[in-house]
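Student: Pasting a structure here, questions to come.
The values are calculated or read from the model by the stated rules, or taken from the named source; none is laboratory data. Computed from a prediction, not measured in an experiment: that's the story for all the values here. Counting neighbours? That spans all protein chains shown, and the Cβs are built from the backbone with ideal geometry, glycine included. Each accessible area value is taken on the protein alone, full model and side chains, heavy atoms only, with ligands, DNA and RNA left out. Shrake-Rupley method; radii C 1.70, N 1.55, O 1.52, S 1.80 Å.
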Amino acid sequence: MTRRRVEVVPYNPEWKTVFENEKQLLESIFLPAEVEVHHIGSTSVPGLSAKPIIDIMLAADSLEQVEKATPAIEAAGYVVKGENGIPGRRYFQKHDENGMRKVHLHSFEKSSRQLYRHLVFRDYLRSHPQEASKYSDVKEKAARKYGFDIDSYIAEKSPTVKDIEQKAMQWRPV
């Protein structure tokens, strides 16, 4: 069991501003190369309760492009985490001045199925507020139940995530 406080809070419109600032920073690192920088995860869905950590998906032409930029990403305050359990990903974390996680940066190649999966999940929740509301309830209850057990929190909400993901894939197939 991983002991980490699980905090789920109501949607905060400032999350969009944090994302936009990080997006500008990341795009400046990769200039002149073209990358896509997407706000994903629960903080990207207006009205959805979330852990107050901004999830960003960076889509590059190749992972080598990300690896070449890694020193500049580190200089921008990110900690390198490698694949961190997901093959084909380059993962980074950024912490605030109190040492709390602020941003998760997931980097994949533009052709990655992971990229599509995350974007369609986000877009489905944005387009289906009732589903977002149900998901929000599940997350809040799981956080109350497993306030210091991130693994159990994830397991508790997993069936709902899989259900939404399946609906999203039917809504917008590959």
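Student: Would you be able to say whether some residue in the stretch 55-71 is assigned to a loop (DSSP other than H, G, I, E, B) and of a type in the set (A, V, I, L, M)?
Tutor: Initially, the stretch 55-71 is screened for residues assigned to a loop (DSSP other than H, G, I, E, B), giving 61-62.
Those still in the list that are of a type in the set (A, V, I, L, M) too: none.
Looking for residues that are assigned to a loop (DSSP other than H, G, I, E, B) and of a type in the set (A, V, I, L, M), one finds none in the stretch 55-71, hence no.
Student: Determine which single condition VAL6 fails, assuming it passes every other condition in (1) part of a strand (DSSP E or B); (2) within 26 Å of GLU156 (Cα to Cα).
Tutor: (1)
Student: Given (1) of a type in the set (Lys, Arg); (2) modelled with pLDDT under 95; (3) more than 16 Å from the chain's Cα centre (by Cα), identify the lone condition not met by LYS68.
Tutor: Failing condition for LYS68: (2).
Student: PHE108 is checked against (1) under 30 Å from ALA33 (Cβ atoms); (2) at pLDDT 95 or above; (3) open to solvent by 60 Å² or more (accessible area, probe 1.4 Å) and fails just one. What number does that condition carry?
Tutor: Among (1) under 30 Å from ALA33 (Cβ atoms); (2) at pLDDT 95 or above; (3) open to solvent by 60 Å² or more (accessible area, probe 1.4 Å), PHE108 violates only (3).
Student: For the stretch 128-168, give me each residue that is over 18 Å from the mean Cα position of the chain (by Cα) and among the small types (Gly, Ala, Ser).
Tutor: Answer for the stretch 128-168, where residues must be over 18 Å from the mean Cα position of the chain (by Cα) and among the small types (Gly, Ala, Ser): SER133, ALA142, GLY147, SER152.
Student: Sort out which residues of the stretch 3-35 are open to solvent by 60 Å² or more (accessible area, probe 1.4 Å), in contact (Cβ under 8 Å) with a residue 12 or more places away in the chain and more than 14 Å from the chain's Cα centre (by Cα), and write them in order of number.
Tutor: ARG3, ARG4, ARG5, GLU7, PRO10, TYR11, PRO13, GLU34
Student: Can you pull out every residue in the stretch 143-173 that is in contact (Cβ under 8 Å) with a residue 60 or more places away in the chain, open to solvent by 50 Å² or more (accessible area, probe 1.4 Å) and not in a helix (DSSP H, G or I)?
Tutor: If the condition is that a residue be in contact (Cβ under 8 Å) with a residue 60 or more places away in the chain, open to solvent by 50 Å² or more (accessible area, probe 1.4 Å) and not in a helix (DSSP H, G or I), then TYR146, PHE148 are the ones that fit.
Student: List the pairs whose first member sits in the stretch 74-95 and is open to solvent by 60 Å² or more (accessible area, probe 1.4 Å), whose second member is part of a loop (DSSP other than H, G, I, E, B), and whose Cβ atoms are under 7 Å apart, counting only residues at least 6 apart or on separate chains?
Tutor: Correct list of pairs: GLU83/ARG89.
Student: Within the stretch 77-117, can you find the residues that are in a helix (DSSP H, G or I) and not hydroxyl-bearing (Ser, Thr, Tyr)?
Tutor: ARG113, GLN114, LEU115, ARG117
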